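Peer 1: First, the structure itself, so that you have it in front of you.
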Amino acid sequence: RGAVRMAKKKMIVKRQSAIQDLGSMDVLCTDKTGTLTEARMRIESCVDPLGASSESVLKFAWLNSYFETGLRNPVDKAILAEKNMRCDTWIKIDEVPFDFERRRVSVLLENNGQSWLIVKGAPEETLRICTQYEAGGQQHDLDESTLERVRAICNSLEERGARVLAIAQRKLAPVCRRAAVDDESAMVLCGFLTFIDPPKQDAGSTLRA
């Protein structure tokens with residue numbers, strides 16, 4: 001009955017249990033991007049898997065965003081605006097586009113005869129395909145205890161209200177000329193980028209009103 005009543009008011013309810021959820025609410029807070037925020041993502045930090053500042057993370061993120069052919073979202077625009085790299089020696093070979101199951105995008109690039117697969121995506125999905133991590137310029141095995149530590153660092157970044165993106169890379173054989181989902185394995189975790197969409201200066205007065 002509730003779904004029919006809502007439909008008469010031009011609202012379609014896909015999940016009918018949501019009607020009960022709505023009826024249980026005392027306060028509903030919503031934000032459309034660009035109303036309370038500037039609608040302009042910017043990078044807040046670039047850190048390695050152990051939380052130390054890392055320029056390497058931004059470099060690989062920039063290469064991924066620069067060479068991917070999908071529609072550039074606000075995160076990509078923030079990455080490209082943060083760093084201006086010369087990429088004359090980098091050549092794009094192939095790409096595995098973003099999808100909502102993998103929640104990541106990969107580009108296969110070549111630089112001076114060396115092939116690189118660079119992955120950018122949701123932290124948990126990206127961590128699943130990593131067996132090593134990079135910190136202090138060295139690569140290390142991503143064992144279970146380190147993985148727990150890395151997850152804790154990622155969670156602490158998210159709890160600060162930032163959007164978190166994971167970056168990983170792997171060197172492939174020079175003969176590799178195609179990229180596939182199966183290639184997204186045995187990756188080296190570079191680290192995390194965090195993004196914020198800053199609130200507008202008048203957001204406080206808007207909320208009070």
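The values are calculated or read from the model by the stated rules, or taken from the named source; none is laboratory data. From a predicted model like this one, the values you see are computed outputs, not experimental measurements. Reconstructed Cβ throughout: ideal geometry from the backbone, glycine too, with neighbour counts over all protein chains shown. Heavy atoms of the whole protein, side chains included, go into the accessibility calculation; ligands, DNA and RNA do not. Shrake-Rupley method; radii C 1.70, N 1.55, O 1.52, S 1.80 Å.
Peer 1: Residue 2 - would you say it is modelled with pLDDT under 90 and surrounded by 11 or more Cβ atoms within 10 Å (Cβ to Cβ)?
Peer 2: yes
Peer 1: If you scan region 44-85, which residues turn out to be buried (at least 16 other Cβ atoms within 10 Å of the Cβ), small (Gly, Ala, Ser) and not in a helix (DSSP H, G or I)?
Peer 2: Those that are buried (at least 16 other Cβ atoms within 10 Å of the Cβ), small (Gly, Ala, Ser) and not in a helix (DSSP H, G or I): 45, 51, 54.
Peer 1: How many residues, within region 169-200, are within 22 Å of residue 82 (Cβ to Cβ) and open to solvent by 20 Å² or more (accessible area, probe 1.4 Å)?
Peer 2: Within region 169-200, residues that are within 22 Å of residue 82 (Cβ to Cβ) and open to solvent by 20 Å² or more (accessible area, probe 1.4 Å) number 4.
Peer 1: Pick from 151, 160: which is closer than 28 Å to residue 116 by Cβ, touching a residue at least 12 places away in the same chain (Cβ under 8 Å) and open to solvent by 20 Å² or more (accessible area, probe 1.4 Å)? Before the answer, list the steps.
Peer 2: Details: 160 fails: closer than 28 Å to residue 116 by Cβ.
Being closer than 28 Å to residue 116 by Cβ, touching a residue at least 12 places away in the same chain (Cβ under 8 Å) and open to solvent by 20 Å² or more (accessible area, probe 1.4 Å) holds for just one of 151, 160, which is 151.
Peer 1: Output the residues belonging to region 102-115 that are farther than 14 Å from residue 175 by Cβ and over 14 Å from the mean Cα position of the chain (by Cα).
Peer 2: 107, 109, 111, 112
Peer 1: Take region 155-170 and flag every residue that is touching a strand residue (DSSP E or B) at 6+ places or on another chain (Cβ under 6 Å) and either over 17 Å from residue 54 (Cα atoms) or assigned to a helix (DSSP H, G or I) (or both). Even if it seems obvious, please write down each step before you answer.
Peer 2: First, pick out the residues of region 155-170 that are touching a strand residue (DSSP E or B) at 6+ places or on another chain (Cβ under 6 Å): 157-158, 162-170.
Scanning region 155-170 gives 157, 158, 162, 163, 170.
Peer 1: Regarding residue 93, is this residue closer than 27 Å to residue 177 by Cα, touching a residue at least 24 places away in the same chain (Cβ under 8 Å) and open to solvent by 20 Å² or more (accessible area, probe 1.4 Å)? Working first, answer last.
Peer 2: Details: closer than 27 Å to residue 177 by Cα: yes; touching a residue at least 24 places away in the same chain (Cβ under 8 Å): yes; open to solvent by 20 Å² or more (accessible area, probe 1.4 Å): yes.
It is true that residue 93 is closer than 27 Å to residue 177 by Cα, touching a residue at least 24 places away in the same chain (Cβ under 8 Å) and open to solvent by 20 Å² or more (accessible area, probe 1.4 Å).
Peer 1: Hey, among 40, 15, which residue is part of a loop (DSSP other than H, G, I, E, B), touching a residue at least 12 places away in the same chain (Cβ under 8 Å) and open to solvent by 100 Å² or more (accessible area, probe 1.4 Å)?
Peer 2: On the way: 15 fails: touching a residue at least 12 places away in the same chain (Cβ under 8 Å).
When all the criteria are applied, what remains is 40.
Peer 1: Could you pull out the residue among 75, 27 that is among the β-branched types (Val, Ile, Thr) and under 16 Å from the mean Cα position of the chain (by Cα)? Before you say what the answer is, go through the steps one by one.
Peer 2: Details: 27 fails: under 16 Å from the mean Cα position of the chain (by Cα).
That would be 75, the only listed residue that is among the β-branched types (Val, Ile, Thr) and under 16 Å from the mean Cα position of the chain (by Cα).
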